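A.B. asks: Below you will find the structure I want to go over with you.
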Amino acid sequence: MWLPIESFAHGVDESTRAFLQQNTGVQIIPFLYIGAKHMVTGYDHLLFLVGVLFFLYRSRDVLLYVSMFTLGHSITLLFGVISDIQVNAYLIDAIIGLSVVYKGFDNLGGFNRLFGKSPNAKLAVLIFGLFHGFGLATKLQEFQLPDDGLITNLIAFNVGVELGQFTALAFILLIINFWRTHSSFTRFATNTNCLLMSAGFMLIGFQLTGYFIN
């Protein structure tokens, strides 16, 4: 509660901030690193992915859903920066928080109970992936990156994001698969997804507070 509200809007550490503000020309390796670090430390993205993977048991399904998410956020990350589409970072991050709430609620069977059926899960992951990409794009736009080498650097950043995502996914899948071998997985699945929803609601609250304050 004592942390500044800015830390909940895809915060960037000072060394990265300084590099992005002074960057000129093509810088493939640094942008790869920054993209990977941003995804690995992006707790909102990771919470959503935990929800997406929670009840996926087949490798084919994991690959399909992750590919849909990757496609979505890659499109808006690149398109948002190159086209200079200005979207309020707090509102985008509030929607990302909403994506976490949605996935926890869906995992709990909430949509089936209320409406008799769930939304198309693949389409929902793709759509929320688009918003996650805009979240990354809005942060990069703050630094007004120079046109010199911009597209190459953006591609490197996006590749870094994917590397960071696959690294995080490897650990998430290891933990979830290990947990599935224990009886506590079924026992605490409801509690875990309730906590996931709670985290999503807190993220929404933080972001909307930041929006109204700023």
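The values are calculated or read from the model by the stated rules, or taken from the named source; none is laboratory data. Computed from a predicted model, the values in this text were never measured in an experiment. Cβ placement follows ideal geometry from the backbone for every residue including glycine, while neighbour counts extend to all protein chains displayed. Heads up: the accessible areas ignore ligands, DNA and RNA and are worked out on the full protein's heavy atoms, side chains in. Shrake-Rupley method; radii C 1.70, N 1.55, O 1.52, S 1.80 Å.
A.B. asks: Considering each residue of segment 26-41, count those that are open to solvent by 10 Å² or more (accessible area, probe 1.4 Å) and closer than 12 Å to residue 168 by Cβ, and give that number. Outline the logic, then answer.
C.D. replies: Step one: filter segment 26-41 for residues open to solvent by 10 Å² or more (accessible area, probe 1.4 Å), giving 26-30, 32-34, 36-38, 40-41.
This time we only want the ones that are closer than 12 Å to residue 168 by Cβ, so: 36-38, 40-41.
Summing the residues that are open to solvent by 10 Å² or more (accessible area, probe 1.4 Å) and closer than 12 Å to residue 168 by Cβ in segment 26-41 gives 5.
A.B. asks: Kindly evaluate residue 136 against the criterion of being closer than 18 Å to residue 52 by Cβ, in contact (Cβ under 8 Å) with a residue 12 or more places away in the chain, open to solvent by 50 Å² or more (accessible area, probe 1.4 Å) and under 13 Å from the mean Cα position of the chain (by Cα).
C.D. replies: On the way: closer than 18 Å to residue 52 by Cβ: yes; in contact (Cβ under 8 Å) with a residue 12 or more places away in the chain: yes; open to solvent by 50 Å² or more (accessible area, probe 1.4 Å): no; under 13 Å from the mean Cα position of the chain (by Cα): yes.
When the stated conditions are applied, residue 136 does not pass them.
A.B. asks: Restricting to segment 82-109, name every residue that is more than 15 Å from residue 131 (Cβ to Cβ), open to solvent by less than 20 Å² (accessible area, probe 1.4 Å) and part of a helix (DSSP H, G or I).
C.D. replies: 104
A.B. asks: Also: Being modelled with pLDDT of 90 or more, open to solvent by 80 Å² or more (accessible area, probe 1.4 Å), aliphatic (A, V, I, L, M) and over 19 Å from residue 39 (Cβ atoms) is the requirement here; does residue 197 meet it? Reasoning before the result, please.
C.D. replies: Working: modelled with pLDDT of 90 or more: yes; open to solvent by 80 Å² or more (accessible area, probe 1.4 Å): no; aliphatic (A, V, I, L, M): yes; over 19 Å from residue 39 (Cβ atoms): yes.
No.
A.B. asks: Consider residue 168 carefully, then state whether it is touching a His at 6+ places or on another chain (Cβ under 9 Å) and of a type outside the set (D, E, K, R).
C.D. replies: Numbers: touching a His at 6+ places or on another chain (Cβ under 9 Å): yes; of a type outside the set (D, E, K, R): yes.
For residue 168, the condition - touching a His at 6+ places or on another chain (Cβ under 9 Å) and of a type outside the set (D, E, K, R) - is met.
A.B. asks: Being in contact with a Gly (Cβ under 7 Å, 6 or more places away or on another chain) and of a type in the set (D, E, K, R) is the filter here; which residues of segment 94-113 pass it? Explain how you work it out, then say what you get.
C.D. replies: Just the residues of segment 94-113 that are in contact with a Gly (Cβ under 7 Å, 6 or more places away or on another chain), to begin with: 96-98, 100-101, 103-104, 107.
Passing the criteria: only 103.
A.B. asks: Between residues in segment 107-132 that are closer than 17 Å to residue 45 by Cα and residues that are among the β-branched types (Val, Ile, Thr) and open to solvent by 60 Å² or more (accessible area, probe 1.4 Å), which pairs lie under 8 Å by C-beta distance while being six or more apart or on different chains?
C.D. replies: 130/75
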